[in-house]
Amino acid sequence: MGTYRQALCPVCGTAHGMEVTEIIPGKPHMVLNRRNFWERTKDSDPNKPFGVIQEVGRGRGRSFKIKGYFSPREDEDGFFPLIKERLLQAVKEWLAKGWITEEEVRELL
């Protein structure tokens, strides 16, 4: 029996590992290529918006059309303070575990 390893996001807790990027058409079990999910997060756009506004309920294959974006100042649902608090907690946890150093955090800032 095989195993599958994933890393947990320190902020939201979702898990990601290797993902299939290419299969033989019609044979999804025949994997031709994989990549590490976390590789694509390295190129995250620093200018991306905080949140997205989507239209829902338009039918199968047409739901979740992007209507716009919003900033932390426009956050009507209170997401920003909770995400900010969790992000800072995650940094503190990783410091305590020795997974990152204070020097790395200072260098980033």
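The values are calculated or read from the model by the stated rules, or taken from the named source; none is laboratory data. What you see is a predicted model; the values in this text were computed from it and never measured. Virtual Cβ from ideal backbone geometry, glycine too; neighbours counted across all protein chains shown.
At a glance:
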quantity	calculated
Residue list for the range 61-102, restricted to those being under 17 Å from PRO49 (Cα atoms), of a type outside the set (A, V, I, L, M, F, W, C) and touching a strand residue (DSSP E or B) at 6+ places or on another chain (Cβ under 9 Å)	LYS65, LYS67, GLY68, TYR69, SER71, PRO72, GLU74, ASP75, GLU76, ASP77
Residue in the range 88-96 that is surrounded by 10 or more Cβ atoms within 10 Å (Cβ to Cβ), within 30 Å of GLY2 (Cα to Cα) and more than 21 Å from the chain's Cα centre (by Cα) present	no
Residue list for the range 55-109, filter: of a type in the set (A, V, I, L, M, F, W, C) and assigned to a strand (DSSP E or B)	ILE66, PHE70
From GLY17, GLY51, residue being touching a helix residue (DSSP H, G or I) at 6+ places or on another chain (Cβ under 7 Å), under 26 Å from LEU109 (Cα atoms), surrounded by 11 or more Cβ atoms within 10 Å (Cβ to Cβ) and among the small types (Gly, Ala, Ser)	GLY51
Check on GLU22, over 26 Å from LYS97 (Cα atoms), modelled with pLDDT of 90 or more, touching a Leu at 6+ places or on another chain (Cβ under 9 Å) and among the acidic types (Asp, Glu)	yes
Filter result (surrounded by 11 or more Cβ atoms within 10 Å (Cβ to Cβ), at pLDDT below 90 and in a helix (DSSP H, G or I)) within the range 28-48	ARG40
Verdict on THR41 being out of contact with any strand residue (DSSP E or B) (no Cβ under 8 Å at 6 or more places or on another chain) and under 23 Å from LYS97 (Cβ atoms)	yes
